[in-house]
1. Please find, within region 182-191, the residue that is nearest to ligand 1 (Cβ to nearest atom) out of those that are without any contact (Cβ under 8 Å) to a residue 40 or more places away in the chain and surrounded by 18 or more Cβ atoms within 10 Å (Cβ to Cβ).
2. For region 55-88, which residues satisfy the criterion of being within 16 Å of ligand 4 (Cβ to nearest atom) and of a type in the set (A, V, I, L, M)?
3. Which ones in region 147-182 are away from ligand 3 (no atom under 14 Å from the Cβ) and among the acidic types (Asp, Glu)?
4. If you take the residues of region 163-181 that are surrounded by 16 or more Cβ atoms within 10 Å (Cβ to Cβ) and polar (S, T, N, Q), which of them is nearest to ligand 4 (Cβ to nearest atom)?
5. Is there a residue being at pLDDT below 95 and touching a Ser or Thr at 6+ places or on another chain (Cβ under 6 Å) anywhere in region 149-156?
6. Check whether at least one residue in region 56-67 is assigned to a helix (DSSP H, G or I), crowded, with 20+ Cβ neighbours inside 10 Å and more than 10 Å from ligand 1 (Cβ to nearest atom), and report yes or no.
7. Could you check, for region 207-230, whether at least one of its residues is farther than 17 Å from residue 46 by Cα, touching a residue at least 24 places away in the same chain (Cβ under 8 Å), buried (at least 18 other Cβ atoms within 10 Å of the Cβ) and of a type outside the set (A, V, I, L, M, F, W, C)?
8. Taking residue 264 as meeting all but one of (1) surrounded by 15 or more Cβ atoms within 10 Å (Cβ to Cβ); (2) more than 16 Å from ligand 2 (Cβ to nearest atom), write down the number of the exception.
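The values are calculated or read from the model by the stated rules, or taken from the named source; none is laboratory data. The structure displayed is predicted, hence computed values, not measured ones. Glycine also receives a Cβ, built like all others from the backbone with ideal geometry; neighbour counts cover every protein chain displayed.
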Amino acid sequence: AKLNGKNRYTVYSEELDGDQAKQSEEMVRNLQAAIELDQIEVYYQPKINASTEDIMGFEALVRWEHPELGIISPGLFIPLAEQSELIFPIGLLVIEKACRALKQWQEQFKLPLTMSVNLSPIQLNDKDLIKKINRIIEETAVYPKHLDFEITESEKFKSVKDALLMFKKIVNLGCTLSIDDFGTGHSTLDYLRKIPAKTLKIDQVFVKNIGLSPDDEAILDATIDMAKRVGHFIVAEGVETEEQRQYLTSKGCDYFQGYLFSRPVPASEIDRILTDREKILKKN
Ligand code: C2E
Ligand code: MG
Ligand code: MG
Ligand code: MG
């Protein structure tokens, strides 16, 4: 069955050849089992305040901890989850684990940390999404203002109008929105105008090309300038070098995320990072 747009099929589509369909079906069964066996884990990558260089929050990034294959990255199974509707349970599982972890770190370390969770465009088709997010907020007792959702503009939206309505409802809960991967894919200036987002995340491609491509630098500079003028915070993703950090700081970037500071790591590793941070502060 065709969903919408091109190249979007359910895994049982007759338009896949027999072998492919069988393989996908098996993968979906494995993924379903992974959820039941609690193999879906959440890793966290710190977001750094550019001026204080301190941790301001985290992005939650899902991982499949496969007993034989090791850690499977979301790029490999999120598309499958989106085609098979497993994105609904997985998406909620990530929000819930991330909120629990956030609450624990806030209380243990007495910090006003934030948590960003990626939201799949397919999750917007869940009529009860707002109710479910609200239930998680209540159960975990996080402040909605500390919970941020990273969204992308996508050809996967059933309707842009409905997506925008859903985004407004998320903001009405008190949560914030970040526009992810800005400058690539389907992100447009029209989208930037219409979405009630507080933050814009510049795609890694532009960060990667600092010092390498004057054209990409020009696009980066203009994007930061524009975002600031419309009152958005700017997060630069994929910051890997000191040179990139300095460049982005000089352009007025607000927050950083990248291997220069930390890779995405399990919750236990964040505990350690925050504990070390506390020790260093006490010494000074
Ligand atoms: P994203 O939201 O744009 O996440 C940023 C990706 O960049 C992450 O890949 C992160 O590990 C990677 N990254 C961070 N810093 C650096 C760096 O300095 N250098 C390089 N080369 N890469 C860096 P990851 O974790 O593999 O996630 C890939 C994508 O999968 C995410 O892109 C997001 O679109 C999606 N995703 C991850 N978790 C979830 C989730 O819980 N739900 C949904 N719907 N999508 C998710
Ligand atoms: Mg993201
Ligand atoms: Mg991104
Ligand atoms: Mg991405």
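1. Result: 187.
2. Residues satisfying the conditions are 60, 61, 62, 76, 78, 81, 87.
3. Within region 147-182, 155, 162 meet the criteria.
4. 178
5. Yes: one or more hits.
6. So far as region 56-67 goes, no, none of its residues is assigned to a helix (DSSP H, G or I), crowded, with 20+ Cβ neighbours inside 10 Å and more than 10 Å from ligand 1 (Cβ to nearest atom).
7. yes
8. Status for residue 264: all satisfied but (2).
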